[in-house]
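See structure below.
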Amino acid sequence: MMAPGQRPQPELARELARDGDVVVFADAAGARLELGAALASGVPVVTAPDPRLDDLEGAILQAADLEEGAARALADGDLRRELAACAREHCHDNSWERVAQRHVALWAALEAM
């Protein structure tokens with residue numbers, strides 16, 4: 001059951017893509033589901049620096065000053081396009097189908113031992 005005010009990720013991603021200019025997370029590691037929706041939206045994502053987000057390098061802009069990071073993402077069209085392309089690639093590479101394929105390959109490798 002969803003908590004009040006929560007929406008499914010696809011719905012949130014569509015809303016962000018339609019209405020958002022930049023998404024800012026002070027604690028993105030604590031909001032991984034929302035972060036996934038933000039990445040899928042194609043809207044630039046700015047987070048506070050966090051080593052737990054290193055797997056998203058290139059797909060997010062980590063900025064010590066979130067306001068400055070958001071302003072940079074809004075002002076720099078090349079940066080926005082780069083962030084969106086990397087986020088799209090990350091979402092594609094980590095789709096449920098791809099993750100399932102990796103698990104099947106892992107199990108097959110373990111069974112072959």
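So here's what we get for this one:
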{"item": "Given (1) of a type in the set (Val, Ile, Thr); (2) closer than 21 Å to residue 9 by Cα; (3) loosely packed, with under 14 Cβ neighbours inside 10 Å, index of the condition residue 46 fails", "result": "(3)"}
{"item": "Scan of the stretch 61-113 for residues that are of a type in the set (Asp, Glu) and either touching a His at 6+ places or on another chain (Cβ under 9 Å) or within 20 Å of residue 32 (Cβ to Cβ) (or both), ordered by number", "result": "89, 93, 97"}
{"item": "Boolean, residue 88 is at pLDDT below 95, among the charged types (D, E, K, R) and touching a Gly at 6+ places or on another chain (Cβ under 9 Å)", "result": "yes"}
{"item": "Some residue of the stretch 92-111 being in contact with a strand residue (DSSP E or B) (Cβ under 8 Å, 6 or more places away or on another chain) and either aliphatic (A, V, I, L, M) or farther than 16 Å from residue 9 by Cα (or both)", "result": "no"}
{"item": "Residue within the stretch 45-64 that is basic (Lys, Arg) and modelled with pLDDT of 90 or more present", "result": "yes"}
{"item": "Qualifying positions in the stretch 12-31 - in contact with a Leu (Cβ under 9 Å, 6 or more places away or on another chain) and either among the β-branched types (Val, Ile, Thr) or within 20 Å of residue 51 (Cβ to Cβ) (or both)", "result": "22, 23, 24, 25, 26, 28, 29"}
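The values are calculated or read from the model by the stated rules, or taken from the named source; none is laboratory data. Since the structure is predicted, the reported quantities are computational estimates derived from the model, not experimental observations. Every residue, glycine among them, receives a Cβ derived from its backbone with ideal geometry; neighbour counts consider all protein chains shown.
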